[in-house]
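**Q** The structure is given below, and queries will be raised subsequently.
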């Protein structure tokens, strides 16, 4: 939000979590930004005006079925101008999460505050491609410790399925996908995939 506003763009943010919306309001106030924040579910939503660009970051496309995925894209069609772009950050699973042992973990530190993040997955229904994702944050704030856990059910969306799905939508076309937000590194050439993005265009 902050970077887009700095660059002169109008910003609309959508979230189902009121705490996240309040955080965004406070941040917008600190930087003196006029933003449009909407409390809604990304599966089925609308905006008062149409936009040129829609994006979902860090795999935050939370759908549990194909019908919810269709409804989500129907909502995006209604708010995205023709020629507009929809960017999905790590919303397609290029490796199955079902067989991952121990998940993935990383640590960051800033201003004396250490945060360890662990993400793990557990299969729920392989036919429906649903799995439970668990995110654990272990915070050490200069000796004060805090542990936060979030669990959610998601549906896998695999690459060839995604291409077929987009091709079946009369209002979208596939543009491309790249590794680690680098437009010079198409996924087809990636030996190891990390932070992949996919781009589709409204037609």
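The values are calculated or read from the model by the stated rules, or taken from the named source; none is laboratory data. Note that the structure is a prediction, hence the values are computed from the model and not measured. Note that we place each Cβ from the backbone using ideal geometry, even for glycine, and neighbour counts take in every protein chain shown.
**Q** If I go through the stretch 88-126 residue by residue, how many of them are exposed (fewer than 15 other Cβ atoms within 10 Å of the Cβ) and under 16 Å from residue 63 (Cβ atoms)?
**A** Residues flagged as exposed (fewer than 15 other Cβ atoms within 10 Å of the Cβ) and under 16 Å from residue 63 (Cβ atoms) within the stretch 88-126 amount to 1.
**Q** Also: Mind checking which residues of the stretch 174-194 are closer than 16 Å to residue 55 by Cα and in contact with a strand residue (DSSP E or B) (Cβ under 7 Å, 6 or more places away or on another chain)?
**A** 174, 175, 176, 177, 178, 181
**Q** Could you check, for the stretch 56-74, whether at least one of its residues is farther than 23 Å from residue 182 by Cβ, assigned to a loop (DSSP other than H, G, I, E, B), in the same structural domain as residue 172 (by TED's automatic domain parsing) and touching a helix residue (DSSP H, G or I) at 6+ places or on another chain (Cβ under 8 Å)? Even if it seems obvious, please write down each step before you answer.
**A** The first filter runs over the stretch 56-74 and keeps only residues farther than 23 Å from residue 182 by Cβ, leaving 62-74.
After this cut, where a residue has to be assigned to a loop (DSSP other than H, G, I, E, B) as well, the list is 62-65.
Okay, now just the ones that are also in the same structural domain as residue 172 (by TED's automatic domain parsing), so 62-65.
Next, only the ones that are touching a helix residue (DSSP H, G or I) at 6+ places or on another chain (Cβ under 8 Å) stay: 63.
The answer is yes; a qualifying residue exists.
**Q** Specify the residue that is surrounded by the fewest Cβ atoms within 10 Å (Cβ to Cβ); the eligible residues are those in the stretch 145-203 that are free of Cβ contacts under 8 Å to residues at least 60 places away in the same chain and touching a helix residue (DSSP H, G or I) at 6+ places or on another chain (Cβ under 8 Å).
**A** Among those residues, the one meeting the criterion is 173.
**Q** Considering the stretch 13-29 alone, what residues qualify as being in contact with a helix residue (DSSP H, G or I) (Cβ under 9 Å, 6 or more places away or on another chain) and over 25 Å from residue 64 (Cβ atoms)?
**A** 27, 28
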